[in-house]
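Have a look at the structure below before the remarks.
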Amino acid sequence: RKEVEQDPGPFNVPEGATVAFNCTYSNSASQSFFWYRQDCRKEPKLLMSVYSSGNEDGRFTAQLNRASQYISLLIRDSKLSDSATYLCVVNVGGGFKTIFGAGTRLFVKA
Amino acid sequence: DTGVSQNPRHKITKRGQNVTFRCDPISEHNRLYWYRQTLGQGPEFLTYFQNEAQLEKSRLLSDRFSAERPKGSFSTLEIQRTEQGDSAMYLCASSAQTSGANVLTFGAGSRLTVL
């Protein structure tokens with residue numbers, strides 16, 4: 001089983017749609033969780049950290065369910081500029097080994 | 001430029017040759033990571049350092065791969081006897097001990113093509 005698993009998509013949505021991405025992780029001792037964004041032919045960049053209580057940053061909402069070892073990202077009112085690959089990221093175990101999921105590709109169309 | 005710097009940006013080599021990539025992290029970052037990424041996949045963890053200590057190395061990594069960070073600053077990733085399957089983007093990232101969350105900052109990557 002992979003340490004971090006994501007639905008690869010692609011997700012094709014119209015502008016203004018709400019889209020949700022899911023991710024599961026295998027190591028129950030993992031402590032830190034993130035979503036990164038990667039544009040085509042670019043390096044990954046941090047989108048947001050994921051906190052136990054859930055957190056929001058503008059149109060983006062991240063949720064963590066430790067019991068189910070599940071992370072989610074919700075994007076509301078999708079923009080064309082949201083088209084990218086979204087990577088689920090986990091610091092596995094109690095250390096700083098940082099594992100990326102395979103990524104979920106999002107296409108937002110006009 | 002105070003970001004993560006990787007060199008060379010592109011490397012084309014023949015199968016069987018050795019290649020070396022260099023990464024210069026953000027100066028105050030004490031953790032340094034190497035990843036490999038192929039088309040349509042997420043970054044695959046290879047190894048990471050805290051200062052000069054290599055703390056973990058992927059079990060998927062063959063003995064042909066070696067990484068060093070001799071003085072706790074820059075790092076090199078060497079691939080010996082390259083194979084066509086080694087063709088990929090090699091990404092370096094760094095992070096700081098003092099940050100509450102271990103946020104990685106990536107370099108632009110070194111693209112390897114093995115002919």
Treating cross-link reach as a plain straight distance, find the lysines whose alpha-carbon is under 27 Å from the alpha-carbon of residue A:2, omitting any fewer than eight places away in the same chain.
A:42, A:45, A:97, B:57
Rounded to whole Å, give me the distance from the Cα center of the range A:68-110 to that of the range B:19-79.
23
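Which whole-number percentage describes the relative contact order of chain B, with Cα contacts under 8 Å and a sequence gap of 6 or more?
Numbers: 287 pairs, mean separation 42.3, N = 115.
Relative contact order comes out at 37 percent.
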Pairs of alpha-carbon atoms within less than 8 angstrom and 6+ residues apart define the contacts here; what relative contact order does the range A:1-69 have, in percent?
23
So which cysteines of chain A have no other cysteine's Cβ under 4.7 Å from theirs?
A:40
What spacing in nm lies between the two simple spin-label points modelled at residue A:46 and residue A:69, each 7 Å away from Cα in the Cβ direction?
2.5
Provide the gained length on full extension for the span residue B:73 to residue B:13, in nm with one decimal, where the gain is 0.36 nm per separating residue minus the Cα-Cα distance.
18.9 nm
List the lysines whose alpha-carbon lies under 19 Å from that of residue A:109, not counting same-chain residues fewer than 8 positions away?
A:79
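Rule-based calculations on the coordinates, nothing more; no lab input. Treat the numbers as computed from the prediction; the structure is a model and nothing was measured. Methodologically, a virtual Cβ is constructed for each residue, glycine included, from the backbone with ideal geometry; neighbour enumeration extends over all protein chains shown.
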